[in-house]
Every structure is written in structure tokens, then in C-alpha cells.
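Down below is the structure, laid out as C-alpha cells.
The values are calculated or read from the model by the stated rules, or taken from the named source; none is laboratory data. The structure presented is a predicted model; accordingly, all values stated were derived computationally and were not measured. Positions of Cβ are backbone-derived with ideal geometry, glycine not excepted, and every protein chain shown enters the neighbour counts.
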Amino acid sequence: MVYQSETPKGGHALSVSTSTTTTTVVTETTAVALDNSNIANLLADFANAKLAIKELEKAKSELDKAIRELLGSAVTGTVEGLPVVELAPRSRTSIDSELLKVTHPEAFATCSKVSTYDIIVAK
């Protein structure tokens, strides 16, 4: 039997079933006309947002450094005897994937997971 259906991204799926197997071929639409849309404004706003995030991250980093300089070796900073800032310790355990790959390649292969995603790239 042959079945044809649409996919969520506007493509098509064609499935062929026999008594023992089913084979499905999926094609996705790779381009869409954006004429008469506000894509130019959206892309400009997107670029501006990315730039703003970069600038805010830099400002955050500079403020973090200034606060740490004020604290010196202290953990807590006070104003008029009341605590206003504190360094709160955090820890995180991570895996050195390069070391694992070299020293235990089977474990690396078993535990590896590939994530696939896309990003917006303005042309």
C-alpha cells in the first residue's frame, strides 16, 4: 500500500508498505516566499536584539567585576550594617569529553548524544 501525507513543515511524506516492511520518504519545503511580509523589520529587530544582548552581557560582566572588587576577600557586603550583597557558592560537575574520548572511547561512544538544531541567519 502507498500512503501520502503532509508534514508539519509543509513537506510531504510518502510511505510504501509491504507485508514485511514499511519505507517512508519525507521531503520538506526548503524555501518560502516572504514577499509582502514584514520580514525586513523582523530581521532588523532581531539583529538589534542580538546586539543589545551582547552589550548587556558586557555591562553585566563589568558590574560583576566592580562588585567583586568592592567585596575583596569578603563574602558579604553591608550598607549601614545590613547585608546587601553576598557571594553564593555554586558548583557544577562536568565531563571532560576530550579526555573521555581518548581514554575510554567505548564509554564516550555509548554516552554521546548529538543534538540537532537550527539558528536564524540573515542573508
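I'd like the full set of residues that are within 30 Å of LEU43 (Cα to Cα) and either in contact with a Ser or Thr (Cβ under 8 Å, 6 or more places away or on another chain) or of a type in the set (Phe, Trp, Tyr) (or both), limited to the range 96-123. Within the range 96-123, TYR117 is the sole residue that qualifies.
Restrict the check to the range 64-73 and report whether at least one residue is over 30 Å from THR30 (Cα atoms), in contact with a strand residue (DSSP E or B) (Cβ under 6 Å, 6 or more places away or on another chain) and assigned by TED's automatic domain parsing to the domain that holds LEU43. There is at least one residue in the range 64-73 that is over 30 Å from THR30 (Cα atoms), in contact with a strand residue (DSSP E or B) (Cβ under 6 Å, 6 or more places away or on another chain) and assigned by TED's automatic domain parsing to the domain that holds LEU43.
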